[in-house]
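Accompanying notes for the structure given below.
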Amino acid sequence: MLSTRKPTFSPTRIASFLECAVKYRYIYLDKIGRFYQKPRGYFSLGSSLHSVLKQFHDGGCTFTLDEMTSTFASSWISAGYSTPEEEALNRVAGDEMVRAYYADWQNRRACDVQTISVERTFTRDMGAWKLSGRIDRLDMHSDGVVEIVDYKSGRLQVTEEEIANDLAMRCYMLLVQSSFPQHKVCATIYCLRSGATATASMTADEQTEFIYWLNSLCDEIMAKDFQNQFPVRMEICADCDFLRVCRREWARAERENQTPFELEGDRE
């Protein structure tokens, strides 16, 4: 019996398709990511920080600074670092980010801002498919503005223009707007390393245009013949976890006298 369940697309899933259709197939259709995707230090650092910040807000923001740093230490994830020295540097950097966040929150809580959810998944029915996204933090301001806060542990700066053009942030705004239709919604990126932030919002016309683009793209994804998608060599291949899989495809193509695609750097 065929499933009538609607496909669900997240910003990460959509971005994977835009980056490489074959990589998308490996992760979301063949589901072989667990065999090839390696832990990355920056993902581990981000996960460690998200864990402590979630516990901080779930606990009503009552942690002392010592409790905050202790929670970070107990939440530390060691996977993905190439050397003990690299891990130690990131652990120190993470501790500094936690301390800076704590200090910034003491100032922010005086501004009558209420955090209404942390690490919450929102879903919106888009017709033939569903849009889903996990939002780091959602704040309600005294004037009724609902603010999406997205943590970035690797960035030092961010601009309003970058947020306005960011796929994930625009998806998050669509998701939250559907849950808070009577409120103005904005999105903020919070650079944990520097404390820098920037905020942007979408007009009704911009939302309509973005929904049209999303629907067109997701229709393309759902209609695509991924099983016959040959891997194309690109610059991003060098750092891809699935390079071994694609190399086997290229080798097979060469044996069968097919013409393999070339990576730009391979050409003389």
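Quick notes on this structure:
- In the chain, the ratio of gyration radius to Kirkwood radius, Rg to Rh, stands at 1.01 when only Cα atoms are counted.
- For residue 29 and residue 215, a Förster radius of 25 Å and the Cβ-Cβ distance give a FRET efficiency of 0.75, rounded to the nearest 0.05.
- The slack in the chain from residue 236 to residue 113, taken as 0.36 nm per residue of separation less the alpha-carbon distance, amounts to 40.2 nm.
- Cα-based equivalent ellipsoid of the stretch 1-97: semi-axis lengths in Å, sorted from largest, via gyration tensor: 34, 20, 10
- In the chain, taking the dipole from charged Cβ atoms about the Cα centre, the farthest positive-side position among 194, 250, 238 is held by 250.
- Using only side-chain charges placed at the Cβ, +1 for Lys and Arg and -1 for Asp and Glu, the dipole size of the chain relative to its Cα centre rounds to 1020 debye.
- With all protein chains in place and a 1.4 Å probe, the accessible surface of the stretch 1-121 carries 53 percent carbon and sulfur.
- Here the stretch 78-132 yields Rg over Rh of 1.22, to two decimals, using C-alpha coordinates and the Kirkwood radius.
- Which of 135, 178, 107, positive extreme of dipole for the stretch 60-184 (C-beta unit charges): 178
- With the gyration tensor restricted to C-alpha atoms of the stretch 113-268, the semi-axes of the equivalent ellipsoid amount to 39, 20, 13 Å, longest first.
- The angle between the Cα long axis of helix 243-255 and the main principal axis of the chain comes to about 10°, on a 0 to 90 degree scale.
- Against the criterion of solvent-accessible heavy-atom surface with a 1.4 angstrom probe, 20, 218 sort, most first, into 20, 218.
- At an R0 of 22 angstrom, the distance between the Cβ atoms of residue 99 and residue 159 translates into a FRET efficiency of 0.30.
- Of the trypsin sites (Lys or Arg not before Pro) found in the stretch 21-79, the ones in coil according to DSSP and having at most 16 other Cβ atoms within 10 Å of their Cβ are 31, 40.
The values are calculated or read from the model by the stated rules, or taken from the named source; none is laboratory data. All values derive from a computational prediction rather than experimental measurement. Don't worry about glycine lacking a Cβ; one is built from the backbone with ideal geometry, like all the others, and counts go over all protein chains shown. Quick note on the areas: whole protein, heavy atoms, side chains included, nothing else; ligands and nucleic acids left out. Shrake-Rupley method; radii C 1.70, N 1.55, O 1.52, S 1.80 Å.
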